[in-house]
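S.K.: Structure below; questions to follow.
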């Protein structure tokens, strides 16, 4: 049996990790703190990443509400399907370290002061992590269960330039190492199905992420969403999405190169029904998760089987 599981999973799930850490279910409460992005406001570019819609804040309640109000709404939503929850305040929309230090301090503190919040998860970009930001994050890491979710998406700079990421792999490594030097928990995001990439490119990204030995990783599927540049390319036949079979096959191969200790916080993406153009099969998330479990069992493989410690 795989060491980091209490069920049939052959990879290290977030559910398993949080249950072992807190002894009960913990839920992420999504927040839009009103930040923007240097790839939107012109600091490094305009228009954002080619696949991005609304700064990934589609499922938040919106920055018109205060952080406290948003957490109240999230707690009410979560209580409908569970008991009294413990929450991780998830700063999800846009770039959540892209503001003056005093603003970040205020917003993080407001979230942490909300009843039931036991941790913070802060989604950001590599080019928005510097010494001052890392020092502030280190302070919060000493106070609470903190995760910095660092967008990588791909190690391949050619692909990154195509979708307008705005920084190269070296910039990502600088930010990642700066955070790890301060003992901050880091979750690395990757995306499968980016324009121009094949299975080999995606596996190479997973291999390189595995060698970094991150605390956690999120594996996303590229969604074609209305209002994005990728939606235009898709309509013109310039980009195709992965099939369900290919996605499952690729994820199973990627998991083999991630250290077994690395928590896989997500293994597919959530697309909003109102905005998702393709692939529509991704809306059946249970089927995708079940397909990954079944395929790993058929291959008799586990997370970390091909990971080599250096």
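The values are calculated or read from the model by the stated rules, or taken from the named source; none is laboratory data. In this text the structure is predicted, and so the values were computed from the model without any measurement. In this analysis, Cβ positions are derived from the backbone assuming ideal geometry, glycine residues included, and neighbour counts consider all displayed protein chains.
S.K.: Would you mention how many residues in the stretch 280-301 are in contact with a helix residue (DSSP H, G or I) (Cβ under 7 Å, 6 or more places away or on another chain) and outside any helix (DSSP H, G or I)?
M.R.: 1
S.K.: Can residue 251 be described as in contact (Cβ under 8 Å) with a residue 40 or more places away in the chain, over 12 Å from residue 210 (Cα atoms), surrounded by 16 or more Cβ atoms within 10 Å (Cβ to Cβ) and in contact with a strand residue (DSSP E or B) (Cβ under 9 Å, 6 or more places away or on another chain)?
M.R.: yes
S.K.: Among the residues of the stretch 58-82, what is the count of those that are at pLDDT below 80 and surrounded by fewer than 22 Cβ atoms within 10 Å (Cβ to Cβ)?
M.R.: 4
S.K.: Look through 118, 103 and report the one residue that is surrounded by fewer than 19 Cβ atoms within 10 Å (Cβ to Cβ) and in contact with a strand residue (DSSP E or B) (Cβ under 7 Å, 6 or more places away or on another chain).
M.R.: Only one candidate passes the filter, namely 118.
S.K.: Within the stretch 13-35, can you find the residues that are surrounded by fewer than 16 Cβ atoms within 10 Å (Cβ to Cβ) and touching a residue at least 40 places away in the same chain (Cβ under 8 Å)?
M.R.: Scanning the stretch 13-35 gives 21, 22, 24, 25.
S.K.: State whether one or more residues within the stretch 121-128 are free of Cβ contacts under 8 Å to residues at least 60 places away in the same chain, surrounded by fewer than 22 Cβ atoms within 10 Å (Cβ to Cβ) and either more than 19 Å from the chain's Cα centre (by Cα) or under 19 Å from residue 166 (Cα atoms) (or both).
M.R.: No, that holds for no residue.
S.K.: Among the residues of the stretch 275-304, what is the count of those that are buried (at least 16 other Cβ atoms within 10 Å of the Cβ) and farther than 25 Å from residue 53 by Cα?
M.R.: 9
S.K.: Okay, moving on. Considering only residues of the stretch 166-182 that are outside any helix (DSSP H, G or I) and modelled with pLDDT of 95 or more, which is nearest to the chain's Cα centre (by Cα)?
M.R.: Filtering first and then ranking leaves 168.
S.K.: Moving to a separate point now. Only one residue in 207, 244 is surrounded by fewer than 21 Cβ atoms within 10 Å (Cβ to Cβ), over 15 Å from residue 51 (Cα atoms) and in contact with a helix residue (DSSP H, G or I) (Cβ under 7 Å, 6 or more places away or on another chain). Which one?
M.R.: 244
S.K.: So, one more: Answer with yes or no whether residue 108 is touching a strand residue (DSSP E or B) at 6+ places or on another chain (Cβ under 8 Å), surrounded by 14 or more Cβ atoms within 10 Å (Cβ to Cβ) and outside any helix (DSSP H, G or I).
M.R.: So residue 108 does not fit the description; no.
S.K.: Working only within the stretch 131-168, note down all residues that are free of Cβ contacts under 8 Å to residues at least 12 places away in the same chain and farther than 22 Å from residue 228 by Cα.
M.R.: Across the stretch 131-168, the qualifying residues are 139, 142.
S.K.: Any chance the stretch 36-49 includes a residue that's surrounded by fewer than 16 Cβ atoms within 10 Å (Cβ to Cβ) and either touching a strand residue (DSSP E or B) at 6+ places or on another chain (Cβ under 8 Å) or not in a loop (DSSP other than H, G, I, E, B) (or both)?
M.R.: The answer is no; no qualifying residue exists.
S.K.: Anything in the stretch 146-163 that is farther than 25 Å from residue 120 by Cβ and either out of contact with any helix residue (DSSP H, G or I) (no Cβ under 8 Å at 6 or more places or on another chain) or assigned to a strand (DSSP E or B) (or both)? List them, or say none.
M.R.: Across the stretch 146-163, the qualifying residues are 158, 161, 162.
S.K.: Only one of (1) closer than 19 Å to residue 53 by Cα; (2) in a helix (DSSP H, G or I); (3) touching a strand residue (DSSP E or B) at 6+ places or on another chain (Cβ under 9 Å) is not met by residue 232, so which one is it?
M.R.: (3)
S.K.: Of these, 22, 35, which one is more than 23 Å from residue 103 (Cα to Cα) and at pLDDT 90 or above?
M.R.: Answer to the selection: 22.
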